[in-house]
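FYI, it's all coordinate maths here, none of it is from the lab. Bear in mind that the values here come from a model prediction, so they are computed numbers and not experimental data. All Cβ positions, glycine included, derive from the backbone under ideal geometry; neighbour counts span all protein chains shown.
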Amino acid sequence: MKTTLFPLMISIILLIVSSCSIEESAIPDNPNVDLVCGTKNPLTDLSWLADKLKIVLTGSPHEEKTNGVVLFEYNGKSVIEIQSYLSSSLNMHQYYCDGTKLDFDSLTTYKEYEKYLSTRKKIKVLYGTEIWKFTK
């Protein structure tokens, strides 16, 4: 009885461990992306992004929990979204790699913002925590 029970227990443990690793690899946040907008360190190398972060990041010890910089793919292009608890509007903080702001902040472009939310693909959290989670 003990000899048949031991292999069964080992099989169950292996099944549980292997299913956990499959779930982790299915997470869309991809830490293996080496280059973001052509650089390994976009937070400092992209001057427009570094300037924006100087406004958002104040030196608080809890900033990584209340702010985030997230890389998305939208319409085949990289989009960097600056997420901050200080922001009262969520549709005004999306930028292409060159710093061009996506225009989602008027009533005429709101439908485009809805499309952005429903079709964007999260690639990687570049800093902090993704605090605006609207992606399917």
Using the Cα centre as the reference, give the magnitude of the dipole from point charges on the C-beta atoms of the stretch 28-128 (Lys, Arg: +1; Asp, Glu: -1; all else neutral), rounded to the nearest 20 debye. 140 debye
Taking the Cα centre of each part, how many Å lie between the stretch 101-131 and the stretch 45-82? 13 Å
Approximate spin-label separation THR109-THR58, in nm, with each point projected 7 Å along Cα-to-Cβ: 2.8 nm
Counted neighbours (other Cβ, 10 Å), sorted fewest up, put GLU63, GLU112 in the order GLU112, GLU63
Please report TYR95, TYR110 as a ranked list, fewest other C-beta atoms within 10 angstrom at the top and most at the bottom. TYR110, TYR95
For the stretch 28-128, compute Rg over Rh where Rg is the Cα radius of gyration and Rh is the Kirkwood radius from the inverse mean 1/r over Cα pairs. 0.95
Spatially close lysines, pair count over the stretch 28-128: Cα under 17 Å, gap of eight or more or interchain: 11
Rank these for me by crowding, SER78, SER47, going from fewest to most other beta carbons within 10 Å. SER47, SER78
